[in-house]
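Read-outs throughout are calculated quantities, based only on the coordinates presented, and are distinct from any laboratory measurement. Quick caveat, the model's predicted, so the values are computed rather than measured. Positions of Cβ are backbone-derived with ideal geometry, glycine not excepted, and every protein chain shown enters the neighbour counts.
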Amino acid sequence: MMNRLRPASNHGARQTESFTGRKKVTLTPGHSLMDWIRLGRRGDLSGVGSGKLNITAGQLAVHNTQKDIWMAIRGKVYNLTPYLEYHPGGIDELMRAAGKDGTDLFDEIHNWVNVESMLDKCLIGSLIGDATSKAPGIRNVRSKSASSSGLKPPGPIPVHDWYQTTKDIVVVVYTKWDNMRHEMVIVDVHENEIIIEVLIKENTFFIHLKPTHKLQSIVNVKVFAAGKVEIYIQKDDQSCQWSSLGKSLKLHESYQRTKNIDCIYRMWMVLSNVMITHDTRLMRFKAPPECRMVVPIGYHVHIKTDISGMEIARSYTAVAPSLIKPHLDPGVLSGKMIYLMIKQYKGGVISPWVVSLKPGDKVQMSNYDGNFDLQRLNKTSHLVMFASGTGFTSMVTLIVYSLFTLNMSTFPIKLVFFNKTQKDILWHDQLEELTKSFPRFSVTYVLSQETEQTWNGLRGRVSMEHVTKFVPTPQETPNPLFCICGQWAYNDSVESFAKLNGLQDEHIHVFSQTS
Ligand SMILES: Cc1cc2nc3c(=O)[nH]c(=O)nc-3n(C[C@H](O)[C@H](O)[C@H](O)COP(=O)(O)OP(=O)(O)OC[C@H]3O[C@@H](n4cnc5c(N)ncnc54)[C@H](O)[C@@H]3O)c2cc1C
Ligand code: HEM
């Protein structure tokens, strides 16, 4: 067995680096997010008093040790010395930008983390001089016009056009991307503003206009050959002939790397909240009236709230309303509903609050995020999924798509599902029913803490033996897809076992549910 644990750091935080390059530490006791919030309540942590300073790049550069670390993010300079041991990504990661402008690195890894509110008490002042022009430019893409953002587009800007029918205004975007799908278009139709975000691979193209006449927020998106996309938005007055689409607004025709764009949030309303196991709930959320967003398969959203003046976000994966009748809610496909399966962690900062929400309550939910490439599922000849606990949520839409959309396919679909006890198994009855309805679908449960003697299934923690049993041989299939989802330690083990069994990177997709 391959041991991928690094030696413990001098602060006693355990750190691993996965095959996917993601790093995570187990924070030492007393350094949780809640502890950081408590520390912040005691007062200023900047080390320079409450008067804010102007800092040059040269002054910043000398504060580059673990005993004294400053960092600039989006033009602001923070004293990170008190935060070091609270950083979920570990001390070594923070040190990569010690004494420097860390904006690019920060956004590359977690642009949804609200640095301004989390480090409010560590604020020293503003970065002045050369570096300031770089940092805020990237973050503020949403508030600048394409021409004034100063950022080079990541490729040729997609061409767009429009036409009208009696009923609709139709915006046409030529993405030239064969794998384009309707989920990759997010639309907001406000009274005086339409924003269309077209996600093309890792980039986003914006149409941002003040429409000539009023529109309804009834939107339909169709995708044609060569990645041509048509976005139908219903006219308010169907007798009206439009002579122009509207006036360009700030973001119109801007084209940027999605990672460089501010993570935006909208208010979604809880419609239902149903217990599915002793600690996990299925929650249904309704989009605000102006928004159409369909979450792609295997993608997640962020939910944020304010805890003691600090803005905290957590990720949750969109699931289907059911495994048996996955398309029973048309609101999901029309971009008006999202279902999330949320486990309550006792002592957790966010999950106890989310699961306590009642129908009618509202939450701030972000644009979706993720990197699962659906083409891999379309091309596979054998799907194996290793999931642990709520890691199952990432597999739900993969299972549904494989069984119900790729319904002419015959490839085997195998779920290996790790839990503590039988009562923790999510959607157990539905999984059993699926195995009866679809002979090509199988599920194997592995329990680590089941005391019930009548349990005949597998027991224990994930091992090489489990993985070897399910990795298909090259004779069985030329193109396996092996998906993994759990916490980092689980993911790391399963990924290393899969590779020791001969699978290559192109056969593996890891969803990380560690936050
Ligand atoms: C991409 C992604 C997708 C996710 N999808 C889902 C989902 O669909 N459903 C869901 O319920 N959660 C999901 N999560 C986990 C979720 O984002 C939070 O981590 C979780 O709700 C705990 O947050 P908290 O603020 O309540 O707990 P925290 O305050 O962060 O932690 C409290 C305690 O719980 C422990 N803990 C935190 N997270 C986990 C975990 N995942 N497993 C075991 N122990 C944990 C911590 O070690 C700590 O002791 C996802 C995470 C990521 C990164
Ligand atoms: C610029 C240097 C930084 C680097 C290289 C870095 C790196 C990382 C890494 C690798 C992770 C783990 C992500 C994973 O699970 O895969 C992480 C998590 C995290 N970091 Fe940083 N980080 C940096 C700066 C900061 C700063 C300044 C803050 C302060 C607000 C911060 C807050 C967080 C938080 C809150 C998480 C957990 C995110 C989550 O909930 O998923 N990081 N970081």
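Positive end of the dipole of region 159-260 (Cβ unit charges, origin at the Cα centre): among V187, L249, A225, the Cα lying farthest that way belongs to A225. Taking only the C-alpha atoms of the chain, the Rg (one decimal) and the largest Cα-Cα distance, Dmax (whole number), read 24.3, 74 Å. Cα centroids of region 178-249 and region 362-401: 27 Å apart.
Potential lengthening of the chain between A226 and V159 amounts to 22.8 nm, from the contour at 0.36 nm per residue minus the alpha-carbon distance.
Take the Cα of S442, step 7 Å toward its Cβ, do the same at D68, and the gap between the two points is 6.3 nm. Here the relative contact order of the chain, from alpha carbon pairs under 8 Å that lie six or more residues apart, stands at 11 percent.
If packing is taken as the average number of other Cβ atoms within 10 Å across a peptide's residues, how do 168-177, 466-475 rank, most packed first? Write out the running numbers ahead of the final one.
Details: 168-177: 19.0, 466-475: 15.6.
Top to bottom by mean Cβ count within 10 Å: 168-177, 466-475.
Roughly speaking, what is the centre-to-centre gap between region 436-515 and region 47-93 when only Cα atoms are used, to the nearest Å? Centre-to-centre distance over Cα atoms comes out at 41 Å. Shown is the FRET efficiency for Q344 and T405, computed with R0 = 45 Å from the Cβ-Cβ distance and rounded to the nearest 0.05: 0.90. Estimate the FRET efficiency between V274 and S308 by the formula 1/(1 + (r/R0)^6), using the beta-carbon distance for r and 35 Å for R0, to the nearest 0.05. With R0 = 35 Å, the Cβ-Cβ based efficiency is 0.70.
Can you give the FRET efficiency to the nearest 0.05 for Q422 and Q504, using r as the Cβ-Cβ distance and R₀ = 51 Å? Before the final figure, lay out each step's value.
On the way: r = 35 Å, r/R0 = 0.69.
With R0 = 51 Å, the Cβ-Cβ based efficiency is 0.90.
Each of Y316, C240, F441 was placed along the dipole of the chain (beta-carbon charges, centred on the mean Cα), and the one lying farthest toward the positive end is Y316. For C483, nonlocal amide neighbours, meaning residues 5 or more places apart or on other chains whose placed amide H falls under 5 Å from its own, are V384, M385, F386, H509. Shown for region 374-512 is the translational diffusion coefficient from the Stokes-Einstein equation, using the Kirkwood radius over Cα pairs, a temperature of 37 °C and a viscosity of 0.692 mPa s: 216 µm²/s.
Between the residues M118, P82, P29, the greatest Cα displacement towards the positive end of the dipole of region 14-128, with unit charges on the Cβ of Lys, Arg, Asp and Glu, is found for P29. Near I399: Cβ cut-off under 13 Å, other residues only, Lys/Arg at +1 and Asp/Glu at -1. The net charge is +1.
Beta-bridge orientation, the chain: approximately 75 percent antiparallel, per DSSP, counting only bridges with both partners inside. Close amide H contacts of I124 (hydrogens built in the peptide plane, cut-off under 5 Å, sequence separation of 5 or more or a different chain): V77, Y78, N79.
With N set to the number of residues, divide the alpha-carbon radius of gyration of region 14-128 by 2.2 N^0.38 Å and report two decimals. Before the final figure, lay out each step's value.
Values: Rg = 13.8 Å, N = 115, 2.2 N^0.38 = 13.4 Å.
Against the compact-globule rule of thumb, the ratio is 1.03.
Summing Cβ point charges (Lys, Arg +1; Asp, Glu -1) relative to the Cα centre of region 265-366 gives a dipole of roughly 140 debye.
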